[in-house]
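What follows is a short report on a single structure.
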Amino acid sequence: MNFKPTDEQSMIIKAFLARENMVVRAGAGAAKTTTCVMMANAALTRKGRFMAFNRAIVDAAALKMPANVKCSTFHGYFYGIVGRNYRHRSASVSARQSADILGIDSDLMTSDTDAHAPKLSAIQQVRSVYAAINKFSMSDDKEINGWHIPWIRGFTPEQMSVVRNELASFLTIAWRDISDVNGKLRFKPENYVKIGAMMSPRIAASFVMIDEAQDTFPVILGWLKRQYHTQMIVVGDPAQAINGWTGAIDSMDKFGAKFTEYTLSQSFRFGPAIATEANKLLSMLGDFRIKGFDAEESIVCNGEIEIPEYAEDETPDTHAILCRTNAGVIEAAIRESQNTGRKIAMPDAQVTEIRNIAKAAMQLMNGQACDYPDFAIFKDWSEVQEYVKNDPSGADIKTTVTIVDKYGAEALITLADSLVPVAMCDTLISTVHKTKGLEWDIVEIAFDFPEPKPTSDGERGEITKDELMLYYVAFTRAKYLLSRGGLAWIDDYVTDQADDTDE
Ligand SMILES: Nc1ncnc2c1ncn2[C@@H]1O[C@H](COP(=O)(O)OP(=O)(O)OP(=O)(O)O)[C@@H](O)[C@H]1O
Ligand SMILES: [Mg+2]
């Protein structure tokens with residue numbers, strides 16, 4: 001990678017060398033990550049650190065960064081600081097064991113007088129305690145308290161207030177256990193991130209680059225803002241803030257007035273045809289548009305793509321199929337492995353998820369309890385099926401259950417066993433969420449992106465901002481060929497034909 005810097009990139013490199021703290025805001029493929037590499041190459045005698053949330057982004061950047069820059073995920077960094085002291089701790093402690101450890105042994109009544117007021121069983125209380133631990137771990141708060149307990153569906157403010165008061169002391173006990181290396185409760189990576197961030201370690205580097213800053217957990221933002229000793233470079237694209245549902249926030253404008261703002265206006269990843277598709281989504285999000293790279297040819301189509309056979313001396317095009325859900329990934333992988341001889345990979349976390357789902361389903365089918373969080377409250381598989389069929393709140397696990405019933409748990413294990421490592425694959429199949437910052441020559445959008453339901457008076461439904469950002473990320477992963485597949489319906493929703501911005 002030896003690009004001649006554009007005028008905008010030159011200006012950013014100059015500001016970097018002048019030790020400015022800066023925020024670089026730019027659209028998809030506009031060389032944000034590449035410009036970080038350019039800056040690092042301009043300061044080879046200084047020690048640097050490049051950080052992002054996703055491992056795939058960090059791994060890809062590490063291949064390009066000079067040796068003076070260490071690349072790590074936030075989790076990787078905090079693992080080195082404190083997480084390794086907790087490596088013997090387990091994430092699979094059942095709700096019942098947790099209730100025993102915490103000393104929760106009776107129902108929690110939300111009213112002394114109203115016999116119909118809801119109550120929380122010991123298991124439900126444990127779920128609320130863990131949910132609060134999770135929320136606290138993502139936050140920049142100093143102490144855990146009842147307000148970290150997420151709202152329970154159907155509860156009134158008064159009932160929630162009782163729950164928050166009654167569980168407050170268990171929260172303190174739980175956090176004390178979790179922080180203790182010899183503790184017994186469920187321990188997750190986000191817990192050591194929180195424990196580490198509360199220690200406010202100083203990053204040992206003369207400059208720190210934060211990529212994908214549009215999706216940052218408050219715990220990380222708070223800690224980064226305390227790094228007064230070093231130069232900070234924060235890059236991101238506010239239109240790619242797709243992790244809001246996990247509690248991440250857009251930190252781009254939260255670093256304060258001492259950070260100078262820069263932009264990169266040219267996207268290099270793709271030509272005008274793909275930029276036009278991205279701009280359709282941006283036109284529904286606001287005023288920002290991206291500019292395609294005239295020197296790149298790009299093609300957009302809607303159907304399934306026949307990938308050609310490549311000759312021995314040809315470099316095959318890289319290929320990804322992007323899905324909306326984990327269930328969509330499984331369906332696409334089964335279809336692809338039955339219909340093509342291509343080597344398929346999925347991001348590690350997705351493979352683990354498939355194995356966990358299959359293992360939990362098998363346990364429940366054998367009448368054993370399981371620890372998979374979505375299924376942990378059920379005693380056998382028929383109870384899961386009943387719940388999904390009859391309870392409206394079962395909608396969120398319905399697709400997973402349908403997939404297990406359709407293909408069988410063993411088929412999921414066979415699928416997971418047949419996958420190759422990401423670096424060796426012909427086709428990567430992933431949810432869009434796990435592909436931020438990455439790119440492929442050919443991107444196919446899978447068919448699990450539902451069009452919004454029409455309103456009650458038959459009008460077109462609205463696409464939420466979160467969904468629009470997700471579709472924008474999906475389209476802009478393509479370098480050369482984009483098949484819009486299950487998102488071709490988007491044309492019906494575009495009111496402002498934004499294509500002219502590519503001129
Ligand atoms: N000056 C340049 N000239 C030509 N191509 C470039 C230039 N800078 C970067 N590229 C190429 O453009 C593509 C996109 O770059 P990069 O991944 O850095 O963009 P990004 O803004 O970080 O994208 P994302 O929003 O997806 O994170 C890469 O293939 C990169 O090699
Ligand atoms: Mg990037």
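Worth a mention:
- Selected residue [modelled with pLDDT of 90 or more, aliphatic (A, V, I, L, M) and assigned to a helix (DSSP H, G or I)] from 321, 354: 354
- Identity of the residue in segment 16-57, modelled with pLDDT under 95 and in a helix (DSSP H, G or I), that ends up nearest to ligand 1 (Cβ to nearest atom): 57
- Considering only residues in segment 193-220 that are more than 16 Å from ligand 1 (Cβ to nearest atom) and polar (S, T, N, Q), the one that is farthest from the chain's Cα centre (by Cα) turns out to be 206.
- Candidate set: segment 200-221, residues that are in contact with a helix residue (DSSP H, G or I) (Cβ under 7 Å, 6 or more places away or on another chain) and away from ligand 2 (no atom under 16 Å from the Cβ); chosen: the one nearest to residue 80 (Cα to Cα): 201
- Residue check: residue 272 meets all listed conditions (1) modelled with pLDDT of 95 or more; (2) within 24 Å of residue 465 (Cα to Cα); (3) open to solvent by 20 Å² or more (accessible area, probe 1.4 Å); (4) more than 16 Å from ligand 1 (Cβ to nearest atom) but one, namely (4).
- Selection status of residue 302, within 24 Å of residue 407 (Cβ to Cβ) and of a type outside the set (Phe, Trp, Tyr): no
- Only one of the numbered conditions (1) more than 14 Å from ligand 2 (Cβ to nearest atom); (2) open to solvent by 50 Å² or more (accessible area, probe 1.4 Å); (3) touching a residue at least 40 places away in the same chain (Cβ under 8 Å) is not met by residue 255, and that is (2).
- Filtering segment 90-125 to residues that are within 25 Å of residue 189 (Cα to Cα) and in contact with a Leu (Cβ under 7 Å, 6 or more places away or on another chain) leaves 93, 98, 101, 125.
- Just one of the listed residues (482, 438, 468) is within 16 Å of ligand 1 (Cβ to nearest atom) and in a loop (DSSP other than H, G, I, E, B), namely 438.
- Residue 141 meets each of the listed conditions (1) assigned to a helix (DSSP H, G or I); (2) open to solvent by 50 Å² or more (accessible area, probe 1.4 Å) apart from (1).
- Take the conditions (1) within 23 Å of the chain's Cα centre (by Cα); (2) among the charged types (D, E, K, R); (3) open to solvent by 70 Å² or more (accessible area, probe 1.4 Å); residue 353 misses just one of them, which is (3).
- Inter-residue pairs, beta-carbon under 6 Å, first within 16 Å of ligand 1 (Cβ to nearest atom) and in segment 221-242, second β-branched (Val, Ile, Thr) and not in a strand (DSSP E or B), 6+ apart: 240/473; 242/473
- For first residues located in segment 8-35 and under 22 Å from residue 57 (Cα atoms) and of a type in the set (Asp, Glu), partners that are modelled with pLDDT under 95 and within 11 Å of ligand 2 (Cβ to nearest atom) and lie 6+ apart or on another chain with Cβ distances below 9 Å do not occur.
- Among the residues of segment 1-15, those that are within 16 Å of ligand 2 (Cβ to nearest atom) and part of a helix (DSSP H, G or I) comprise 8, 9, 12.
- Residue match in segment 356-372 (condition: without any contact (Cβ under 8 Å) to a residue 24 or more places away in the chain, away from ligand 1 (no atom under 16 Å from the Cβ) and within 30 Å of residue 61 (Cβ to Cβ)): yes
- Selection status of residue 61, within 22 Å of the chain's Cα centre (by Cα) and under 16 Å from residue 12 (Cβ atoms): no
- Listed by first and then second residue, the pairs with beta-carbon distance under 9 Å, at least 6 apart or on different chains, first residue in segment 381-394 and open to solvent by less than 40 Å² (accessible area, probe 1.4 Å), second outside any helix (DSSP H, G or I) and small (Gly, Ala, Ser), are 381/367.
- Residues that are hydrophobic (A, V, I, L, M, F, W, C) and open to solvent by 40 Å² or more (accessible area, probe 1.4 Å) were ranked within segment 25-55; the one that is nearest to residue 248 (Cα to Cα) is 53.
- Only residues that are out of contact with any helix residue (DSSP H, G or I) (no Cβ under 6 Å at 6 or more places or on another chain) and either of a type outside the set (D, E, K, R) or assigned to a loop (DSSP other than H, G, I, E, B) (or both) were counted in segment 358-375, giving 8.
The values are calculated or read from the model by the stated rules, or taken from the named source; none is laboratory data. Values in this document were obtained by computation on a predicted structure and should not be read as measured data. Cβ coordinates were reconstructed from backbone atoms using ideal geometry, including for glycine residues, and neighbour counts include every protein chain displayed. Heavy atoms of the whole protein, side chains included, go into the accessibility calculation; ligands, DNA and RNA do not. Shrake-Rupley method; radii C 1.70, N 1.55, O 1.52, S 1.80 Å.
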